[in-house]
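Peer 1: The structure is given below, and queries will be raised subsequently.
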Amino acid sequence: MKKELIRYQVRLADPAGHRYAVTLTVPQPDPRGQAVRLPAWIPGSYLIRDFARQIESLQARSAGDEVAVSKIDDHTWQCQPCNGPLTLEYTVYAWDLSVRGAHFDESHAFFNGASLFLAAIGQESQACLLDLRAPSHARGWQVYTSLAAAIDEPDAAPPRGFGTYYAGDYDTLIDFPVEMGTPQCVSFEAHGAVHDLVFTGVIPRLDMQRIADDVQKICAAQIALFEPEARRAAFLDSAQRYVFLIHVTGDGYGGLEHRASAALATRRDALPCLGCAAPEGYTRFLGLVSHEYFHSWNVKRIKPAAFVPYDLTQPNHTRLLWVFEGFTSYYDDLMLLRSGIVTEPDYLKLVAETLDQVQRSPGRHKQSVADSSFDAWTRYYKQDENSPNALVSYYTKGSLVALGLDLEIRRQTHDGRSLDDVMRLLWQRYGRDFYQDHSTGVAEDAMPALITEATGADVAGFIRRYVDGREDVPLKAALAGAGMALQAKPEASRPTLDIRTKADAGGLRLLTVYEHGAAHRAGLSAGDLLIAADQLRVTDSASLDHWLEGHQPGDRAQLHVFRRDELRHYTVRLGRPGPLKHSITRTEPAI
């Protein structure tokens, strides 16, 4: 007898109120009473999100009779035992236009499954059907997802159509985000694999073909890195196409990787228009695309053992995010160079900008990137005004660690091996067959031995000092050995207060007071509103810079600030010019 599949149905019920109506049918519920649960977090974003808080109502029925339901923790509901199939109907509020959640109004609908689909506990390995119902309020809407159509069902979804889709298990179901509406779309192939770029938002005269041509080069370069002979895209183990779902707004930025797709957010002014030169933010956008696509190998298939399998009820701690995010951050810009999107001088400028970011954070002397990885849940994703003084980023310093490792491997092997060989070994051992019942992850202490196996280089001491330790990666010497010069000089000649600010009504708000800097020594604090310096009004950063240009390091000055509603006065001794700005130039021809 053919086993019935777990069924989900999504109706676009209330665009003005931003509510999805979801139905879950469990054919064979637990005879002791079926429990259901919504994930507490979404893979790739390491923070407890409490998606269940957006479920507004929930009812259960079986054979026409109501089934009692009680909530037993923040994310879980317990249904009373019933004899037949169990059906739950619930509404989900969806007004989160981020890459992590769900959003719905009259213009479009988007969701990640982790924010919408209750799991039938104990039956997560069962195959699922997803029925997407066409909205009554809009005509011409289509569906954009890499989830497969349920071809054996009578109402199987046609290409880009509403209807029924198939997922082999619950983990698959929530790893394929969905966009519905009338976006702009363009497709391309990279080594024979189909990719879609889907742009949602108001974007006049968008030059989609230029973007498609550039992204195609990036995807092709990454496929060739991991599979130099077969040239086979990673996602083809799970889907027939890869979909970039891109939300375009006035100020958005971010991305979240999935098995055969990525959800992205970008600024409108970062995208090229027909007949216009590429805007300043376009390279950053392409770097974001490159980053999320690289994740289809590194973290969606090559995973830390702590993520195999995910436990979506609580934080999953690992000390390896410097590999899975840091290495990805290194390769995202490197792939822009290898694909010909940027020149070498432009690429070296991007590396220098990353170095600027890391060097401006005093927290790098307090926290290692391994500790930063482990503390992602409680510290990196919960940053405050003091975070630059206390934390280091496993993204940015992790990318410098990757660069340092790449240069060290090349030095030890006389350019015979590189970090590319490490990535290919990780792919062959952990990633290539991950979704074919070979689900193993990288052990917490495995990287030194894996790098040696892949390249012959001994990097145990490097990792001990710059990953587990808090020393700066010695890039000046490493780059010099590769024929490049690293230099640093103050960004400006004027003295500094060692603060990070933003304009606010009536003055300049202090966002961060850097530890041991001029403002810290004087007693100023984050949150203070700077209104005057030496009896002259301060209105914005330009007025402060103009005032500083009339002084020398070591000068004493009088500052007036509001702390809450209290006027306070401080005497400050101005600091040396800063922060440092780095540059990297080639001094010898590339090999």
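Peer 1: How much of the accessible area of the range 87-216, probe 1.4 Å, is carbon plus sulfur, in whole percent?
Peer 2: Looking at the range 87-216 in its full context, I get 48 percent from C and S.
Peer 1: Counting only protein heavy atoms, what percent of the accessible surface of the range 265-398 is carbon or sulfur at a 1.4 Å probe?
Peer 2: Roughly 50 percent, rounded to a whole number.
Peer 1: Based on the alpha-carbon gyration tensor of the range 308-464 and its eigenvalue square roots a ≥ b ≥ c, which shape applies: rounded if a/c is under 1.5, prolate if not and a/b is larger than b/c, or oblate?
Peer 2: Note, shape of the range 308-464 comes out oblate.
Peer 1: Ok, one more. Given the range 206-288, what percent of its DSSP beta bridges are antiparallel, to the nearest 5?
Peer 2: 40 percent
Peer 1: Could you state the number of Å between the C-alpha centres of the range 382-459 and the range 161-233?
Peer 2: One Cα centre to the other: 26 Å.
Peer 1: Taking a ≥ b ≥ c as the square roots of the Cα gyration tensor eigenvalues, with a/c under 1.5 meaning rounded and otherwise prolate when a/b beats b/c, else oblate, which class fits the range 10-71?
Peer 2: Here the range 10-71 falls in the oblate category.
Peer 1: Another question, if that's okay. Highest first, please rank the peptides 480-493, 278-291 by the mean number of other Cβ atoms sitting within 10 Å of their residues.
Peer 2: In descending order of packing, they fall as 278-291, 480-493.
Peer 1: Pull up the DSSP beta bridges for the range 156-275 and report the antiparallel fraction as a percent, rounded to 5.
Peer 2: Of those bridges, close to 45 percent are antiparallel.
Peer 1: Leaving out ligands and nucleic acids, note down the accessible area per residue over the chain with a 1.4 angstrom probe, in whole Å².
Peer 2: That works out to 43 Å² for each residue.
Peer 1: Using the Cβ atoms and a cut-off under 12 Å, what net charge is assigned to the surroundings of residue 23, where Lys and Arg are +1 and Asp and Glu are -1?
Peer 2: In short, +2.
Peer 1: Right, another one. Taking the Cβ-Cβ separation of residue 493 and residue 72 as r and a Förster radius of 45 Å, what is the calculated FRET efficiency to the nearest 0.05?
Peer 2: That gives a FRET efficiency of 0.10.
Peer 1: Let me ask you something else. Between helix 396-412 and the chain, what is the angle of the helix's C-alpha long axis to the longest principal axis, kept within 0 to 90° and rounded to the nearest 10?
Peer 2: 80 degrees
Peer 1: Output the antiparallel fraction of DSSP beta bridges having both residues in the chain, as a percent to the nearest 5.
Peer 2: Just about 80 percent of them are antiparallel.
Peer 1: Could you tell me what percent of the accessible area of the range 425-574 is made up of carbon and sulfur, with a 1.4 Å probe and every protein chain present?
Peer 2: Carbon with sulfur: 48 percent of the solvent-accessible area.
Peer 1: Going by alpha carbons, how many degrees (0 to 90, nearest 10) lie between the helix axis of 344-359 and the longest principal axis of the chain?
Peer 2: Between helix and principal axis, roughly 80 degrees.
Peer 1: Whole Å is fine, so just give me how far the alpha carbon centre of the range 273-325 lies from that of the range 105-143.
Peer 2: First find each Cα centre; the distance between them is then 24 Å.
Peer 1: Still on this model: Can you tell me the 0 to 90 degree angle between the C-alpha axis of helix 327-338 and the longest principal axis of the chain, rounded to 10?
Peer 2: 80 degrees
Peer 1: Still on this structure, please answer the following. Out of (i) 30.4; (ii) 34.8; (iii) 25.5, which label holds the value of mean projected area of the Cα convex hull in nm² that was computed here?
Peer 2: Given (i) 30.4; (ii) 34.8; (iii) 25.5, the calculated one carries the label (i).
The values are calculated or read from the model by the stated rules, or taken from the named source; none is laboratory data. Computed from a predicted structure; not experimentally measured. Positions of Cβ are backbone-derived with ideal geometry, glycine not excepted, and every protein chain shown enters the neighbour counts. Heavy atoms of the whole protein, side chains included, go into the accessibility calculation; ligands, DNA and RNA do not. Shrake-Rupley method; radii C 1.70, N 1.55, O 1.52, S 1.80 Å.
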